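The values are calculated or read from the model by the stated rules, or taken from the named source; none is laboratory data. Note that the structure is predicted; figures quoted are calculated from it, not measured. Glycine gets a Cβ as well: all are built from the backbone with ideal geometry, and neighbour counts include every protein chain shown.
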Amino acid sequence: MTLRLYDTAARELRDFVPLREGRAGMYICGLTTQGAPHIGHVRFAVAFDVLRRWLEVGHGYDVTLVRNVTDIDDKILRKSAEQGIEWFALSYRNERQTAQALDLLGVKPATYEPRATGHIPEMVELMDTLIERGHAYAAPDASGDVYFDVLSWKDYGSLSHQSPDDMTAAEDADPRGKKDARDFALWKGQKADEPASASWQTSYGPGRPGWHLECSAMARKYLGDTFDIHGGGIDLRFPHHENEQAQSRAAGLGFARYWLHNAWVTVKGQKMGKSLGNALEVQRVTQVASPLAVRYYLTSAHYRSMIEYHEGSLLEAASTVDRITGFLERVDRLRPLDGIEGELLADFREAMDDDVNVSGALAVVHDTVRAGNIALDDGDDEAAVTAASSVVAMTEVLGINPLSPTWQRESSGAASEAHEALDVLIAAQLGARQAARAARDFAAADAIRDQLTSAGIAVEDTPSGARWSLARRTDA
């Protein structure tokens, strides 16, 4: 089967054909480290983590994934000044929190995660090339600012499908030295009120890079002049990605061959953000819901669909995760699933190849869970194990496999030992219940079952004997 992806630039589904056979290069715009990440911030990372896993597992590609860190920009400088700390201290603190949040949500580490401040020479080289080609210019007032000449590049606007005539002024730099209000900053000359540490010396004068220049230089550094996929949030399509594409191609680079954009997490129809007062920081929300439930919530919708957050969103996700976990635990007690290689079902593959249609893929997962539970109830252990192994394989692709070590780390060693001890005690109770039933002392047998039920233990009678599981709450 062929993987088809929706290319924003082409505005259509395209067969994915990598630049190099067997390999795929992806660049994803990471977060600006101005604050702690909330679940709206990290949706992009979860969405493209699923794509990366599918490229690797579903199609066998060797994936190089670059996710940058924008560790210097106007907002970082402003917030560091407000908080009275060095800008690089603020940036590093938030970078660490972001890394912890992504790890908590099971996002695989990037192949490379470059910081903007570590790639100034590459940015200056790209800027020099643009000036030599007549697509950029230094401000005539010797301020140190350097701008991209928008009207010099005839394809400007092609990614976001708009004409320069309909665009407003670029707001990323002082307009005093611009030829045209729409020109955007490649380099920002040092300002009197900015710390000297936020400035690098160049032939144009001391200053710092513009946001758009950073990504073009870092993508080229780690993926080459041309690469396969560029991803990010839909809000980055313009002006950020439009400017990246324009400056890179104007410099003679092929740049991204496919553009993919994920939608937002919204609250009452508005993009989640601190300015709305509706942000849910990852570190806080995972104290209320399990990281696996949060991951499931962010994964479950198609990446191009908005996710509307409401009060019960995470509770619904947790309940769904519990159903998958409960089934796998039932089978795992019957026959350990570790080491059993499961099949990725054909319908699951078809859904994932259809522009990473996770909602369709999850429908296959849930159907398989239902079929597996029925098999268990009917005493068809082989069918149950086959179903469970497929569920493990499919959920691993989505990053939501409850049996994965990623989520098992949520339980301490002490909790694991307690579960083993509980298994021994309950097995003894179930043995006593079976003996009572054999003796036709049904009152005693029912009393044992009632006692287990009141303690939160669900008992199921199957042709192969009684099985227990922790009861799943339906009110939480």
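Conditions tested, residue by residue: (1) on the phi > 0 side of the Ramachandran plot; (2) charged (D, E, K, R); (3) in contact (Cβ under 8 Å) with a residue 40 or more places away in the chain.
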site: PRO164; (1), (2), (3): no, no, no
site: THR168; (1), (2), (3): no, no, no
site: LYS179; (1), (2), (3): no, yes, yes
site: LYS188; (1), (2), (3): no, yes, yes
site: PRO195; (1), (2), (3): no, no, yes
site: THR202; (1), (2), (3): no, no, yes
site: LYS221; (1), (2), (3): no, yes, yes
site: GLY233; (1), (2), (3): no, no, yes
site: ALA250; (1), (2), (3): no, no, yes
Exercise. Of the conditions (1) within 17 Å of ALA101 (Cβ to Cβ); (2) touching a helix residue (DSSP H, G or I) at 6+ places or on another chain (Cβ under 8 Å); (3) not basic (Lys, Arg), LEU280 fails just one. Which one is it?
Worked result: (2)
Problem set entry | Qualifying position, being in a loop (DSSP other than H, G, I, E, B), under 19 Å from the mean Cα position of the chain (by Cα) and of a type in the set (A, V, I, L, M), among ALA45, ALA36, ALA24, ALA9 | ALA36
Exercise. Residues of the stretch 67-119 being assigned to a loop (DSSP other than H, G, I, E, B) and of a type in the set (Val, Ile, Thr), which ones?
Worked result: ILE72, ILE85, VAL107, THR111
Problem set entry | Lone qualifier among ALA138, ALA116, ALA110 - being among the hydrophobic types (A, V, I, L, M, F, W, C), assigned by TED's automatic domain parsing to the domain that holds TRP187, in contact (Cβ under 8 Å) with a residue 24 or more places away in the chain and in contact with a Ser or Thr (Cβ under 7 Å, 6 or more places away or on another chain) | ALA116
Problem set entry | the stretch 169-211 - residue that is part of a loop (DSSP other than H, G, I, E, B) and among the polar types (S, T, N, Q) and, of those, surrounded by the most Cβ atoms within 10 Å (Cβ to Cβ) | THR202
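Could you go through the stretch 50-69 and let me know if any residue there is farther than 30 Å from ASP15 by Cβ, buried (at least 18 other Cβ atoms within 10 Å of the Cβ) and modelled with pLDDT under 95.
Scanning the stretch 50-69 turns up no residue that is farther than 30 Å from ASP15 by Cβ, buried (at least 18 other Cβ atoms within 10 Å of the Cβ) and modelled with pLDDT under 95.
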Exercise. Just one of ASP235, ASP193 is over 22 Å from PHE44 (Cβ atoms) and among the acidic types (Asp, Glu); which is it?
Worked result: ASP193
Problem set entry | Test for ALA428: is it at pLDDT below 85 and touching a helix residue (DSSP H, G or I) at 6+ places or on another chain (Cβ under 7 Å) | no
For this session: Please work out if ASP235 is under 30 Å from LEU13 (Cα atoms) and acidic (Asp, Glu).
Result: yes
